[in-house]
Amino acid sequence: MSSARQAFQEEPDVNALVNRLSDAWCWLEAQALLTREPSRSEAFRRISRDGMDLAKDSQGITRFEARERLSGPLHPDLEDTVRTNFDLGDYETACFAAMKAVEVAVRDASGLDNSLVAVKLTREAFLPHENAEAGGALADAEAEGGEQTATANLFAGAMGAYKNPASHRTVDFDDPIEAAEIIQFADLLLS
């Protein structure tokens, strides 16, 4: 790193700068954006195929950030179809499949039949308990009334905002970060 010290001798804290550059270099390698070149010395690195793809794509950094958001495990109902479609860049299908998984899980857990779908299904499943009246099969009778209503609204809102539109028309999901957030939201609802 002595050449780096020479190149940045005007910097007020060359050691701090060199340490930051070293950290950045390690991060690029850890993300497989830099790789070893087998035909060169051990110290030589080149930009990897993923790194080149990222650099060529005007949305590369955004797609990279979105993939990072989904880098951990998802609910098993989301792992295959949802993750595959997301990785292929088919965000509409990935988001629709994620919310469909939520709808199916609500139906299965509540025991409600197929005549109720999306918003109506979730409203019925999470119908709050009121005045000693039984609520929906998934409503938490121990929770305060406002919290029960909020949970019903949360699930119904998810269906209305993210599942229903794709059920009825083409939805242009051009923002991979928004798609990743919708999938994370579905993951949260499923858990």
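PHE173 - would you say it is under 14 Å from ALA97 (Cβ atoms) and touching a Cys at 6+ places or on another chain (Cβ under 8 Å)? So PHE173 passes the test. Comparison of VAL171, VAL106 shows that the only residue that is aliphatic (A, V, I, L, M), touching a residue at least 24 places away in the same chain (Cβ under 8 Å) and crowded, with 20+ Cβ neighbours inside 10 Å is VAL106. A count restricted to region 145-191 and to residues that are of a type in the set (S, T, N, Q) and assigned to a loop (DSSP other than H, G, I, E, B) stands at 2. For region 114-150, the tally of residues that are closer than 23 Å to ALA166 by Cβ and either touching a strand residue (DSSP E or B) at 6+ places or on another chain (Cβ under 7 Å) or open to solvent by 50 Å² or more (accessible area, probe 1.4 Å) (or both) stands at 6.
Of all residues in region 21-43, those that are open to solvent by less than 70 Å² (accessible area, probe 1.4 Å), under 29 Å from the mean Cα position of the chain (by Cα) and over 23 Å from GLU11 (Cα atoms) total 7. When region 92-103 is filtered for residues that are open to solvent by less than 70 Å² (accessible area, probe 1.4 Å) and out of contact with any Asp or Glu (no Cβ under 6 Å at 6 or more places or on another chain), the ones remaining, listed by number, are GLU92, THR93, ALA94, CYS95, PHE96, ALA97, ALA98, MET99, VAL102, GLU103.
So, in region 64-82, of the ones that are of a type in the set (D, E, K, R) and surrounded by fewer than 18 Cβ atoms within 10 Å (Cβ to Cβ), which residue ends up nearest to the chain's Cα centre (by Cα)?
ARG69
The values are calculated or read from the model by the stated rules, or taken from the named source; none is laboratory data. Predicted, not measured: the structure shown is a model, and the values here were computed from it. When we count neighbours, we look across all protein chains shown, and the Cβ atoms used for this are built from the backbone with ideal geometry, even at glycine. These area figures cover heavy atoms from the full protein model, side chains too; ligands, DNA and RNA do not enter into them. Shrake-Rupley method; radii C 1.70, N 1.55, O 1.52, S 1.80 Å.
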